[in-house]
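Following: one structure in structure tokens, then a few remarks.
The values are calculated or read from the model by the stated rules, or taken from the named source; none is laboratory data. Remember, it's a predicted structure, so these values are computed and weren't measured experimentally. In this analysis, Cβ positions are derived from the backbone assuming ideal geometry, glycine residues included, and neighbour counts consider all displayed protein chains.
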Amino acid sequence: MGIDDIARIAGEFGLGEKTGIDLSGEDSGVIPGPSNKLQLRKDYLDSGSLGKVQEIEQRYNDLLAKATGEDQKKQLLKKKADELIEVNWELAWHDYDTIISAIGQGDNRYTMVEMANYIATIANGGTRFKPFLVQRVVDPNGKILLENLPTVVSQVDVSPKTLAVVREGMREVTLPPDGTATGFFIGFPPVAAKTGTAEVTGHDNHALFVAYAPYDNPEIAVAVVMEYAGHGGTAAGPVAEDMLAAYFGLPIPGQKTVSSPE
């Protein structure tokens, strides 16, 4: 599977596009890929690389003008091409970009609404719905003034067997002995989850946590991000736990620190 397939499947789950939720200024997020990598890095690199490119061009033009034979010219042109490729290396898409994208690294940039809807789509078997903030507005007499009904956006092209494997893996995240969210959701309906740690150059990592419950009959999906907070299993996990506790009418566990093997 190449980056085009990865990007296509991500798009089917609604990543990299606006969800359509009734909030102004919603962002669309970014799916990693050659065009997005070029766009994200081009302006930054152009400011420093333009001068290098001009210097290389001028230097080799001078050398080529002094070259005495075709073999020498060919060697100079090859060296020039190699130097230009090195300058623009970061603008190109490479095999390692595909590899790190496959495990969630790289330029994955999504809103929490996108992430929650993504997890809901996995949980319900592959049907993507349009999210909304308000389900119903009722006047004092009980008359419905506004009502948002579930709207299907699409059905993902992923087999039920594959989705079941993903859900099973998310369930194991919350189970001992090796789950990175072990210790959370004690006394809860069965919860499926995934912890995440997004690396940030020059800063502490962002902590992420997604979950849905109950595992066998999903009702709710949540997504949490805490900037510069460290591991998802230790920082964002307690927030998700409190959210699910509130939904199911359980006592709020409160602040706790849970060690994570993440």
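Conditions: (1) within 24 Å of the chain's Cα centre (by Cα); (2) part of a loop (DSSP other than H, G, I, E, B). GLY237 meets all but one. Number of the miss?
With (1) within 24 Å of the chain's Cα centre (by Cα); (2) part of a loop (DSSP other than H, G, I, E, B) applied to GLY237, the lone miss is (2).
Tally time: how many residues in the stretch 221-230 are without any contact (Cβ under 8 Å) to a residue 40 or more places away in the chain and surrounded by 17 or more Cβ atoms within 10 Å (Cβ to Cβ)?
Of the residues in the stretch 221-230, 2 are without any contact (Cβ under 8 Å) to a residue 40 or more places away in the chain and surrounded by 17 or more Cβ atoms within 10 Å (Cβ to Cβ).
Would you mind stating whether THR68 is outside any helix (DSSP H, G or I), at pLDDT 85 or above and not assigned by TED's automatic domain parsing to the domain that holds GLU147?
Yes.
State whether one or more residues within the stretch 85-108 are among the charged types (D, E, K, R), farther than 30 Å from GLU147 by Cβ and not in a helix (DSSP H, G or I).
So far as the stretch 85-108 goes, yes, one or more of its residues are among the charged types (D, E, K, R), farther than 30 Å from GLU147 by Cβ and not in a helix (DSSP H, G or I).
Which pairs do you get when a residue that is free of Cβ contacts under 8 Å to residues at least 24 places away in the same chain and charged (D, E, K, R), found in the stretch 234-255, comes within reach of a residue that is part of a loop (DSSP other than H, G, I, E, B) and exposed (fewer than 14 other Cβ atoms within 10 Å of the Cβ), reach meaning Cβ atoms under 6 angstrom, with the pair 6+ apart or on two chains?
ASP242/ILE252
Restricting the stretch 174-220 to residues that are of a type in the set (A, V, I, L, M) and surrounded by fewer than 22 Cβ atoms within 10 Å (Cβ to Cβ), which is farthest from LEU244 (Cα to Cα)?
Going through the qualifying residues, I end up with VAL200.
Every residue in the stretch 154-171 that is in contact (Cβ under 8 Å) with a residue 60 or more places away in the chain and either more than 20 Å from the chain's Cα centre (by Cα) or loosely packed, with under 10 Cβ neighbours inside 10 Å (or both), please.
ASP157
Which condition from (1) exposed (fewer than 11 other Cβ atoms within 10 Å of the Cβ); (2) not assigned by TED's automatic domain parsing to the domain that holds GLY196 is the one that GLY106 breaks?
Just one mismatch for GLY106, condition (1).
Residues PRO214, PRO218: which one is touching a strand residue (DSSP E or B) at 6+ places or on another chain (Cβ under 7 Å) and under 14 Å from ARG167 (Cα atoms)?
After ruling out the rest, the residue left standing is PRO218.
If you check THR182, THR174, which single one turns out to be touching a Leu at 6+ places or on another chain (Cβ under 8 Å), in contact (Cβ under 8 Å) with a residue 12 or more places away in the chain, farther than 27 Å from MET1 by Cβ and polar (S, T, N, Q)?
Among THR182, THR174, only THR182 is touching a Leu at 6+ places or on another chain (Cβ under 8 Å), in contact (Cβ under 8 Å) with a residue 12 or more places away in the chain, farther than 27 Å from MET1 by Cβ and polar (S, T, N, Q).
Among the strands (runs of 3 or more DSSP E) contained in the stretch 115-219, which hold 2 or more residues that are under 23 Å from SER101 (Cα atoms) and at pLDDT 95 or above?
192-198, 206-213
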